[in-house]
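What follows is a short report on a single structure.
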Amino acid sequence: MNDQTLLITGGAGFIGSDFIAWYLTRYPGAVVVNLDKLTYAGDPANLADVRDNPDHIFIQGDVADRELVESLFDRYDIRGVIHFAAESHVDNSIAGPEVFVRTNVNGAFTLLDVARRHERSNNELVAALCRCLDRLQPRPDGTSYRNQITYVPDRPGHDRRYASDPTRIETELGWRAMENLDGGLEKTVKWYLAKYLVRDVPAA
């Protein structure tokens, strides 16, 4: 999968299906994993425009099913989530309020929690940087650069991670990232090594 792999919930509904058709047209090569339980609000016929599109992956399932959501993040390397799945009919909420709680509360929490756990922390980025250096410029003693990491007590309000949302620049200016995080990190390390340290590192 590429860096534009999205998990979209409720994608068989009339709003979600319209968005999927637009997104796959707007971003060729992007991949959509469409998770929908196919209740009264979801209809496979709504997906007729993307049924034969190999970049559309339909999964029938419950957004509150943590094991399933975890497996989708692991299998498809999900890079973003758009959450359309929701119970919204007032009459149904009176007859069966527990379904509303499961989907609208538990389901939303499951998505947020799983997505949070799949983000890269600052420590993970440093470890990725050390792996690049270990491969491109090994230490003379054969040990990993990770051995140089020193942990200090956390300070109040410190940054645990960094994240960016390119949605606005993509939709308003048509910009799209041409590099993923790992590839960009390696190219950056190669550039610095070639410029400041060694001359035999292949150019980025």
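Summary table below
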quantity	calculated
Residue satisfying all of: in the range 13-33; under 16 Å from Gly61 (Cβ atoms) and touching a residue at least 40 places away in the same chain (Cβ under 8 Å); nearest to the chain's Cα centre (by Cα) among these	Val33
Ile94 being of a type in the set (A, V, I, L, M), modelled with pLDDT of 90 or more and not in a loop (DSSP other than H, G, I, E, B)	no
Residues satisfying the stated conditions in the range 15-31, i.e. of a type outside the set (D, E, K, R) and modelled with pLDDT of 90 or more	Ile15, Gly16, Ser17, Phe19, Ile20, Ala21, Trp22, Tyr23, Leu24, Thr25, Val31
Selected residue [at pLDDT 90 or above and surrounded by fewer than 17 Cβ atoms within 10 Å (Cβ to Cβ)] from Asn34, Asn53, Asn46	Asn53
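The values are calculated or read from the model by the stated rules, or taken from the named source; none is laboratory data. Computed from a predicted model, the values in this text were never measured in an experiment. All Cβ positions, glycine included, derive from the backbone under ideal geometry; neighbour counts span all protein chains shown.
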